[in-house]
Amino acid sequence: MKIYILILFGIFNGLSIAQENSKLPLGLPIGSSLQKSSLTHFELDSADIYQKVDSIMTIGIISQSFPGAQILITKEGTIIFHEAYGFHTYDSIQSVELNDIYDLASVTKILGPLPVLMKLIDEGKLDLDKPFSTYWKPWKHRRDKKHITLREILAHQAGLKPYIIFLNEVIKNNGRFKNRFIRTKSNKRFTNEAFESIYVKNRFNRKMYRMINRSEVSPEKKYTYSGLTFLLFPELISQLTGMPYEQYLEEEFYKPLGMKTFGFLPSTKHFPNTIVPTEIDTVYRHTLTNGWVHDENASLLGGVSGNAGLFGTADDVAIIMQMYLQNGLYSGNRYISEKTLKEFTRVQYPKNENRRGLGFDKPYLNNSTFSLVDAYPTPEVSQNSFGHSGFTGTFVWADPEHQLVYIFLSNRVYPTRKNRDIYDLNIRSALQQVFYQAFDNAKQLKP
């Protein structure tokens, strides 16, 4: 019997981490469109929710699925739950705080390049159904790529290769760096700082682009997750906007939205917030990775990429997810058209058994018919819901039908990425289910 079943019945209630209270502590107000309140505002049994969440989080920590994590829930534009659990590492020295900054890993895809792509579509600078080679010129000369559309790419329906390990290009067989690509000191040809005392050749990004351009394409058009083009999108965005990708995101989205810590390269920005570490890297950095992107491909691009590299607090993530939930509106300002946002969050190729939206992850097709262990992310989410997960242990999900945002931030890759218990124990799905079931119970109790 799966341990998640035991979790939901609160068998490990005696190992509670968070303080039990009939009134839950409030999250911080994170923008004029998001308010704060308690679960009792929605007539929820907060003591029961605390008991179940505590039990699940306790299981996650004592099984070493992750040393610590935090959860943020919004309902109808209101933060109703924001709690931190455990520690940054298993030495139990630095406790998780609500304003900690996390490496968001692949959640970057939907919070970095994707909002810009949507905005460029609104402006008529991109078209989902034109060949991507219209915009990315090297593909015009690739017979297997020149007709692939942006829609197919974003829905992972293009047959592109899932991943290329570019780290293999910079490390010798003996584990040492190739001097022509990596230096321990910066100079005018090596200014991209990937980590402390690791500088990547400025033109190495061109090598990455060439390898992606030349990569094989499957002739069979079926769902295969590929993050390769998200390494290209920042360069494409810079070409189309005439502004560096990072700067464009900051000026068009993050600053206007009021996101205080969101962005790339947090270790260079001197935030007062603590940055949660990720993995003790034994191959590339040979030390604990903290304040620098965990993903090696993003690292070789100097930490600024479209596949990974974003860092931020749960508060900041909630802001942009709430903007999505509100069809592109936040605090009275429109960032993305409702039409475009609804198109991106719609399942694109259901007849091909592909559940994906455009960039966004979606529930399994017929998800409501499955049990928790077989569903994704949990059986109760609506088919209109969307989100994304991250390799470091992050997960974000928005549900327009239920007006609910669920954010889970952890560093499950500490001390090693080999730990997969967060998946095997269904931790994130079980937590998400607690809140859906709580709202269902509250409905049933109403006269």
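Taken together, the values in this text are just the output of simple stated rules run on the coordinates, not laboratory data. The model shown is predicted, which means the values in this text are computed figures rather than measured ones. Note that each Cβ is placed from the backbone with ideal geometry, even for glycine, and that neighbours are counted across all protein chains shown.
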Quick one: Kirkwood hydrodynamic radius for segment 113-268, alpha-carbon pairs, angstrom, one decimal?
17.5
Restricting things to alpha carbons, find the Rg to Rh ratio for segment 326-447 using the Kirkwood radius for Rh.
1.00
If N is the residue count of segment 47-87, its Cα Rg over 2.2 N^0.38 Å rounds to 1.25
Highest-MSF residue in the chain out of V381, V96, V373 [GNM, Cα springs under 10 Å]
V373
Relative contact order [Cα under 8 Å, 6+ residues apart], the chain, whole percent
21
Along the dipole axis of the chain (charges at Cβ: +1 for Lys and Arg, -1 for Asp and Glu; origin at the Cα centre), the most positive-end residue among T274, G357, A298 is A298
Output ³J(HN,Hα) for segment 273-288: one whole-Hz value per residue in order, computed from phi by the Karplus curve 6.51 cos²θ - 1.76 cosθ + 1.60 with θ = phi - 60°, and x for Gly and Pro.
5, 7, 9, 6, x, 10, 9, 7, 7, 9, 10, 10, 9, 6, 6, 5
Between Y163 and N352, what length in nm is gained on full extension when 0.36 nm per residue of separation is reduced by their alpha carbon distance?
65.9 nm
Length-normalised contact order for segment 113-268 - Cα pairs under 8 Å, 6+ apart - percent
23
Using θ = phi - 60° and Karplus 6.51 cos²θ - 1.76 cosθ + 1.60, couplings along segment 316-321 (whole Hz; Gly, Pro as x):
5, 4, 4, 4, 6, 5
Roughly how big is segment 113-268's charge dipole about its Cα centre, with Cβ charges of +1 (Lys, Arg) and -1 (Asp, Glu), in debye to the nearest 20?
1080
For the chain, Kirkwood radius (reciprocal of mean inverse C-alpha pair distance, Å):
22.5
Selected from M208, Y163, T392, residue furthest toward positive end of dipole (the chain; charges at beta carbon):
M208
Dipole magnitude of the chain, debye to nearest 20 (Cβ charges: Lys/Arg +1, Asp/Glu -1, about Cα centre)
2480
Between Y225 and K443, how many nm apart are label points set 7 Å from Cα along the C-beta direction?
2.9
Taking Cα atoms, the helix 204-214 axis meets the longest principal axis of the chain at an angle in degrees (rounded to 10) of 90
Give, rounded to the nearest 20 debye, the magnitude of the charge dipole that segment 292-447 has about its Cα centre when Lys and Arg contribute +1 at Cβ and Asp and Glu contribute -1 at Cβ.
220
GNM on the chain, C-alpha springs below 10 Å: top fluctuator among I212, I101, I71?
I212
The equivalent-ellipsoid semi-axes of segment 258-323, taken as the square roots of five times the Cα gyration tensor eigenvalues and listed largest first in whole Å, are 22, 13, 10
